[in-house]
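Accompanying notes for the structure given below.
The values are calculated or read from the model by the stated rules, or taken from the named source; none is laboratory data. Only a predicted model underlies this, so the values are computations on that prediction, with no experimental measurement involved. Note: ideal-geometry Cβ built from the backbone for every residue, glycine included; neighbour counts use all protein chains shown.
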Amino acid sequence: ALITMRQLLDHAAEYGYGVPAFNINNMEQGLAIMNAAQKCDAPVIMQASRGARKYAGDIMLRHMIQALAEMFPNIPLCMHQDHGNNEATCLSAIKHGFTSVMMDGSLQEDMKTPADWDYNVRITKAVSDMAHWVGASVEGELGVLGNLETGEAAKEDGSGAEGKLSKDQLLTDPDEAADFVKLTKVDALAIACGTSHGAYKFSQKPTGETLAISQIEKIHAKIPDVHLVMHGSSSVPQYLQDLINEFGGEMPQTYGVPVEEIERGIKSGVRKVNIDTDNRMALTGQFRKVAMEKKTEFDPRKFMIPAMEEMTKLCLDRFERFGTAGNA
Ligand code: G3H
Ligand code: 13P
Ligand code: NA
Ligand code: ZN
């Protein structure tokens, strides 16, 4: 059944687990996630970016979510707008059946320029008021995603801020987080702790200097009842880099967020964990493998089926390690 993010995360907080929020753009990703959830009895957050809405179309997404809810009647399912850039994006998502929206006011409407405090509070509060009138949940963001050493948001395949960011912007301040939640009444708060979008987050395995889980602990100590959200939480596992590169890919060596660091975050109030890149890599790895190994093949299902299985395996692992499994 369709439920809101708030309902889902309140349960997660009560029982001390985290919920992966997987991005979807198409039917295959939706099925891969739901098959994993069904296998381990996990509640689901699916999220669509503005790009996903443009790719699939709002009507297609609306019917797809309804179909998935109908196919998997025992799995609680939240449909969330990822990185809404203004009121119109968030409100139109709700109109199309999303039960939750992110108003990302950490960046201006162009999603490239870091926004100031007043803009973020004003636009997030506006969306929060309107969404709550109609029973949808809201995620806000305070702080800007980006690499703590270089001051840059990952660029190759991730969206993000342009230009150099300061440490102040890259680490969410606990006192400001408390004020922000009080002023905007968001249901969940995305924080910045050194992660960024896409595959190229860290040039080596992150340390406490480059991935500041300790900052999450400080924020949680200040606002223990607020559901925290970690963006840029793909682990970019070596086995998927190897799979892609073994079959003709040329991804340079890179490092993501180790799952054990996310588990630490979950102990400190992280309830929603955004993952897109890992699933993209799972699908692409199998596409490449089939393409290289079966050169006469031209039935797309022969590419999609192993790709979906690889993605289901990834999702299942995250449901289990985040403690989501068994909570549907
Ligand atoms: O925020 C980034 C997500 O991975 C969505 O990416 O905008 O390319 O769909 P996208
Ligand atoms: P990744 O690029 O690490 O998967 O992050 C996805 C994300 O934060 C979507 O909002
Ligand atoms: Na989001
Ligand atoms: Zn994100």
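Observations
A quick yes/no check of all residues on (1) farther than 18 Å from Val259 by Cα; (2) without any contact (Cβ under 8 Å) to a residue 12 or more places away in the chain; (3) touching a strand residue (DSSP E or B) at 6+ places or on another chain (Cβ under 7 Å):
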position: His11; (1), (2), (3): yes, no, no
position: Gly18; (1), (2), (3): no, no, yes
position: Asn26; (1), (2), (3): yes, no, no
position: Lys39; (1), (2), (3): yes, no, no
position: Met46; (1), (2), (3): yes, no, yes
position: Gly51; (1), (2), (3): yes, no, no
position: Tyr55; (1), (2), (3): yes, no, no
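- Residue, nearest to Asp175 (Cα to Cα), within the range 218-259, restricted to residues that are hydroxyl-bearing (Ser, Thr, Tyr) and crowded, with 19+ Cβ neighbours inside 10 Å: Ser233
- Within the range 171-196, tally of residues that are within 16 Å of ligand 4 (Cβ to nearest atom) and either over 14 Å from Lys218 (Cβ atoms) or among the charged types (D, E, K, R) (or both): 5
- Counting the residues of the range 214-244 that are β-branched (Val, Ile, Thr), at negative phi and within 17 Å of the chain's Cα centre (by Cα) gives 2.
- Residue within the range 44-55 that is buried (at least 16 other Cβ atoms within 10 Å of the Cβ), within 15 Å of ligand 1 (Cβ to nearest atom), β-branched (Val, Ile, Thr) and not in a helix (DSSP H, G or I) present: yes
- Screening Ala161 with (1) away from ligand 4 (no atom under 14 Å from the Cβ); (2) touching a Gly at 6+ places or on another chain (Cβ under 9 Å); (3) over 22 Å from Leu91 (Cβ atoms); (4) assigned to a loop (DSSP other than H, G, I, E, B) gives one miss only, at (1).
- Whichever residue in the range 181-204 is touching a helix residue (DSSP H, G or I) at 6+ places or on another chain (Cβ under 8 Å) and more than 16 Å from ligand 3 (Cβ to nearest atom) and, among such residues, is nearest to Ala12 (Cα to Cα): Lys185
- Only residues that are crowded, with 23+ Cβ neighbours inside 10 Å and more than 16 Å from the chain's Cα centre (by Cα) were counted in the range 106-120, giving 2.
- Residues (on the phi > 0 side of the Ramachandran plot and either within 12 Å of ligand 2 (Cβ to nearest atom) or at pLDDT below 95 (or both)) located in the range 161-193: Gly163
- Of all the numbered requirements in (1) away from ligand 1 (no atom under 16 Å from the Cβ); (2) free of Cβ contacts under 8 Å to residues at least 60 places away in the same chain, Gly160 misses one, and that requirement is (1).
- Applying the condition of being under 16 Å from the mean Cα position of the chain (by Cα) and assigned to a loop (DSSP other than H, G, I, E, B) to the range 70-104 and asking which residue is surrounded by the most Cβ atoms within 10 Å (Cβ to Cβ) yields Phe98.
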